[in-house]
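Everything below concerns the one structure shown next.
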Amino acid sequence: MIPFAGSPLDRASEKRTDPKWIESKRRDPSSLILPMWRLEPFLLGREDSDPPVELGLVQPERADSLAHGGAPCIFLGLDGDRAIFALDLSEADDPAKAGPLAGLGRFRDARTAAQMVSLKDAAIIGQAKAMIDWHQRHGFCPRCGAPTKMVDAGYRRLCDSCKAEHFPRVDPVVIMLATHGEACLVGRGKQFPPGMFSALAGFIEPGETVEEAVRRELMEEASLKVGAVSYYATQPWPFPSSLMIGCFAKAESREAKVDENELAEVRWIERSLARELIAGKHVEGLRVPPPIAIAYHLIKAFALGEE
């Protein structure tokens, strides 16, 4: 399974518009809260705990004293009959160092935390991080500039001034591996560490299909013309809130030229080399992204002949 996918929660979206039900679950002692501090999820255990570690879900009474008035508390879904919420504690000093969370665990960058917990907990982290990030960015109405308020358990913001409604948005991104025979094309971003190569990617533009975006991005970044485009899988990517649409594309040749405004380098790697890289070997000083990224799974599928 690809990280951030496969949430174990029933989102129970039909319940979000019932404020009485949401409030009853919010105060129910059996419910659980995921504290988020400056977009970092809370993890249980000591600093030196070996993964997998446990997600820091706590009882409402333990989290409530840490939140300032109006702090976003997002309903994530149901685990059986138990409700799971994410609570934004960004206005507090580090809550792991004092108060009811002290000694229980620590806050960690969401990308790091997702690699330390189970795949199911990583999906919960991804949903919580993306939702709270959206609320932090949308406190004011883009239509009239007036303050907005959170409604529907966190899945809508309403402007009392012009009555505009605002909903969380997900940005679609194509991420693709071009192939030609027994080789695939990978690229190194200018911000990447030395030797790190990944699949090429880019945002889908208005009025564009997935296939058109794949062909455009490969032409823009690598001057590569491709034919057939096939879908592989998607990944919710909460940095801040994208849907990575993984694809394979059949290149017409291996004549590729890097756009230096976009990338530092592109290169073809043979399937045998891809297998070694996926196995964790640093062959010829090269490496690929870790399993948290869908790029890893695209390269792995190609390495195993599953594209």
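The values are calculated or read from the model by the stated rules, or taken from the named source; none is laboratory data. Remember, it's a predicted structure, so these values are computed and weren't measured experimentally. A quick note on method: Cβ atoms are made from the backbone with ideal geometry, for glycine too, and the neighbour counts reach across all protein chains shown.
Summary table
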read-out: Tabulated pairs, region 96-120, first within 17 Å of Ile84 (Cβ to Cβ), second polar (S, T, N, Q), C-beta under 8 angstrom, 6+ apart or interchain; value: Lys120/Ser7
read-out: Residue count, region 56-83 (criterion: closer than 16 Å to Gly126 by Cβ and in contact with a Lys or Arg (Cβ under 9 Å, 6 or more places away or on another chain)); value: 4
read-out: Filter result (farther than 25 Å from Pro95 by Cα and outside any helix (DSSP H, G or I)) within region 5-34; value: Ala5, Gly6, Ser7, Pro8, Leu9, Asp10, Arg11, Ala12, Arg16, Thr17, Asp18
read-out: Filter result (part of a loop (DSSP other than H, G, I, E, B) and surrounded by 16 or more Cβ atoms within 10 Å (Cβ to Cβ)) within region 45-69; value: Val53, Gly56, Leu57, Leu66, Ala67
read-out: Flag if Lys225 is modelled with pLDDT under 95 and either outside the structural domain of Ala274 (by TED's automatic domain parsing) or basic (Lys, Arg) (or both); value: no
read-out: Gly70 being within 19 Å of Pro238 (Cα to Cα), assigned by TED's automatic domain parsing to the domain that holds Ala122 and of a type outside the set (A, V, I, L, M); value: no
read-out: Residue ID - farthest from Pro289 (Cα to Cα), chosen from residues in region 170-195 that are among the β-branched types (Val, Ile, Thr) and surrounded by fewer than 23 Cβ atoms within 10 Å (Cβ to Cβ); value: Val170
read-out: Qualifying residue in region 126-138 (condition: over 17 Å from the mean Cα position of the chain (by Cα), assigned to a helix (DSSP H, G or I), touching a residue at least 60 places away in the same chain (Cβ under 8 Å) and buried (at least 17 other Cβ atoms within 10 Å of the Cβ)); value: no
read-out: Wholly enclosed strands (runs of 3 or more DSSP E) of region 70-122 bearing at least 1 residues touching a Cys at 6+ places or on another chain (Cβ under 7 Å) and of a type in the set (A, V, I, L, M, F, W, C); value: 82-88
read-out: Filtered residue count, region 93-111, keeping only those that are of a type in the set (Gly, Ala, Ser) and under 22 Å from Pro3 (Cα atoms); value: 1
read-out: Condition broken by Pro168, with the remaining ones in (1) within 27 Å of Arg287 (Cβ to Cβ); (2) touching a residue at least 40 places away in the same chain (Cβ under 8 Å); (3) in a loop (DSSP other than H, G, I, E, B) satisfied; value: (1)
